[in-house]
Amino acid sequence: MADADLAAAKAAGLSEADIIETVANVVANIFTNYINHVAGTDIDFPARSARAA
């Protein structure tokens with residue numbers, strides 16, 4: 001994240017805590033996705049396909 005991006009987020013009204021929480025949630029999501037790929041977790045919900053725009 002560039003300094004300008006951080007400044008823009010703060011200018012938009014986000015606090016340091018908001019930014020840290022967002023980053024932490026993104027990291028947790030990426031981590032669990034990698035673990036699921038390595039573990040070969042079965043998907044237990046119906047697969048969806050993308051619709052053409």
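Some values worked out for this structure:
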read-out	value
First in the range 31-50 and without any contact (Cβ under 8 Å) to a residue 24 or more places away in the chain, second anywhere and surrounded by 10 or more Cβ atoms within 10 Å (Cβ to Cβ) and of a type outside the set (S, T, N, Q), Cβ under 9 Å, 6 or more apart	Thr41/Ile35
Selection within the chain - in a helix (DSSP H, G or I), of a type in the set (A, V, I, L, M, F, W, C) and surrounded by fewer than 10 Cβ atoms within 10 Å (Cβ to Cβ)	Ala4, Ala11, Ala17, Val38, Ala39
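Since every read-out is calculated from the coordinates, none of them should be taken as a lab result. Model, not experiment: these values are computed from the prediction. Counting neighbours? That spans all protein chains shown, and the Cβs are built from the backbone with ideal geometry, glycine included.
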